Amino acid sequence: MIDPDTVLALDIGGTKMLAALVRGGVVLENQKVPTPRGGNPKQWLEALFAAIPSWQGRYATAGAAVTGIVDQGFWSALNRNTLDLPDRFPLAETVARLSGVPVLAANDAHAAAWGEFRFGAGQNEDMVFLTISTGIGGGIVVNGKPMFGLAGHFGQFRVAEDVAGTLEDQVSGHWIASQAKDHQAGATARDVFEAAAAGKTWAMDIIGASARQTAQLCRNIHFALDPPRIVIGGSIGLAPPYLDTVRQALEGLPPRLTPKIHAAALGESAGVVGIADLAKNHQKNHIEEN
Ligand code: BMX
């Protein structure tokens, strides 16, 4: 028996892929697999569906939240360093074929922003969401509505005319790992946080440099959008002592000019919870329109 309120939610990031059954903002079941470094999106999606065969027939709608830009259901990379995929992959059509139900596709940070707004740290108040993870993603909820398209892609900001690459290439998980190579060969961002927790100064310096850049980004967002709160999530954003370091970098500012930083409440479930709610409402509105 298909429960009309249960949604199959997928979240494909630069490092991991998550599938979940979501109902009313609650994750009923989930499966996590690493995002393959090779292959193509069709193979990644087939691998993800191969991990959830018993879920067929248990959901009425599907949502796909992915790293990259999503326009009318087509998926493209903005930064191939974060995830390399061909332009305009037919994401919604492919997930609809694999799932057998109607699908809504959106950017992963946009979905996570909506999840935190509706069920997490956002408390249904306008907000900006930042995920510091493989890349830097962002979502904006203004007048209670989510923004889509390129909006919120703060990781794609250019740092300066004479600095190649994007802001996320100087801040996020990939950058943190790259800075560690002279200290610990092959270190991942997680290894750097473990080294910092063990008191390694080189690791604490790398994390500090990244967090201070994020603090500057929050100041710029504050001047651009003046949001009541900036909710920060992501594998890097939520790893201690990242947020405390961001807050330290903002100390001493006049209160009105200080961004209000909140830790994301839903952790790695924000994307699947958000895309599930967006997909369910989209389907409901679609039915009401017809
Ligand atoms: C990049 C971009 C964004 C994404 C952000 C976080 C790509 C492939 N992705 O800025 O769309 O939201 O990374 O991605 O261009 P994540 O994989 O770290 O969640």
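The values are calculated or read from the model by the stated rules, or taken from the named source; none is laboratory data. Since the model is a prediction, treat every value here as computed from it, not as a measurement. Please note: Cβ atoms are built from the backbone with ideal geometry, for glycine as well, and neighbour counts cover all protein chains shown.
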| task | Mind counting the residues in the range 134-152 that are farther than 18 Å from Asp277 by Cβ and in a loop (DSSP other than H, G, I, E, B)? | result | 5
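Are any of the residues in the range 91-102 under 25 Å from Ile206 (Cα atoms), away from the ligand (no atom under 12 Å from the Cβ) and assigned to a loop (DSSP other than H, G, I, E, B)?
Looking only at the range 91-102, we keep the residues that are under 25 Å from Ile206 (Cα atoms), and these are none.
Checked the range 91-102: no residue is under 25 Å from Ile206 (Cα atoms), away from the ligand (no atom under 12 Å from the Cβ) and assigned to a loop (DSSP other than H, G, I, E, B).
Residue-wise test of (1) within 20 Å of Gly155 (Cβ to Cβ); (2) surrounded by fewer than 24 Cβ atoms within 10 Å (Cβ to Cβ); (3) at pLDDT below 95; (4) among the aromatic types (Phe, Trp, Tyr).
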residue: Pro4; (1), (2), (3), (4): no, yes, yes, no
residue: Lys16; (1), (2), (3), (4): yes, yes, yes, no
residue: Gln31; (1), (2), (3), (4): no, yes, no, no
residue: Gly38; (1), (2), (3), (4): no, yes, yes, no
residue: Lys42; (1), (2), (3), (4): no, yes, no, no
residue: Gly63; (1), (2), (3), (4): no, no, no, no
residue: Gly73; (1), (2), (3), (4): no, yes, no, no
residue: Ala77; (1), (2), (3), (4): yes, yes, no, no
residue: Leu83; (1), (2), (3), (4): yes, yes, yes, no
| task | Test Ala187 against the criterion of being part of a loop (DSSP other than H, G, I, E, B), more than 14 Å from the ligand (Cβ to nearest atom) and of a type outside the set (Asp, Glu), and give yes or no. | result | yes
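Do we have Asn124 as under 19 Å from Ile261 (Cβ atoms) and not aliphatic (A, V, I, L, M) here? Please lay out each step first, then the result.
Details: under 19 Å from Ile261 (Cβ atoms): yes; not aliphatic (A, V, I, L, M): yes.
Answer is yes for this residue.
For (1) over 19 Å from the mean Cα position of the chain (by Cα); (2) under 20 Å from Ala112 (Cα atoms); (3) among the hydrophobic types (A, V, I, L, M, F, W, C); (4) in a helix (DSSP H, G or I), each residue gets a yes or a no:
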| residue | (1), (2), (3), (4) |
| --- | --- |
| Gly155 | no, yes, no, yes |
| Glu168 | no, yes, no, yes |
| Ile176 | no, no, yes, yes |
| Lys181 | yes, no, no, no |
| Arg219 | yes, no, no, yes |
| His222 | yes, yes, no, yes |
| Leu238 | no, yes, yes, no |
| Arg247 | yes, no, no, yes |
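Before we move on, is Val171 touching a strand residue (DSSP E or B) at 6+ places or on another chain (Cβ under 9 Å), surrounded by 11 or more Cβ atoms within 10 Å (Cβ to Cβ) and at pLDDT 95 or above? Talk me through it step by step, then tell me what you get.
Numbers: touching a strand residue (DSSP E or B) at 6+ places or on another chain (Cβ under 9 Å): yes; surrounded by 11 or more Cβ atoms within 10 Å (Cβ to Cβ): yes; at pLDDT 95 or above: yes.
Answer is yes for this residue.
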| Taking the range 144-174, which residues are near the ligand (Cβ under 9 Å from one of its atoms) and charged (D, E, K, R)? | Glu168
| field | Residues located in the range 112-133, provided they are part of a loop (DSSP other than H, G, I, E, B) and in contact with a Ser or Thr (Cβ under 7 Å, 6 or more places away or on another chain) | value | Ser133
| remark: When restricted to Ile275, Ile230, the only residue among the β-branched types (Val, Ile, Thr), crowded, with 18+ Cβ neighbours inside 10 Å and farther than 16 Å from Val128 by Cβ is Ile275
| query | In the range 37-51, which residues are touching a residue at least 40 places away in the same chain (Cβ under 8 Å) and closer than 18 Å to Leu21 by Cα? | reply | Leu45, Glu46, Phe49
| Any residue in the range 66-79 that is in contact with a helix residue (DSSP H, G or I) (Cβ under 6 Å, 6 or more places away or on another chain), over 17 Å from Gly149 (Cβ atoms) and within 14 Å of the ligand (Cβ to nearest atom)? | no
| said: I'd like to check something: does the range 45-60 contain any residue that is touching a Ser or Thr at 6+ places or on another chain (Cβ under 9 Å) and closer than 22 Å to Ile132 by Cα? | reply: no
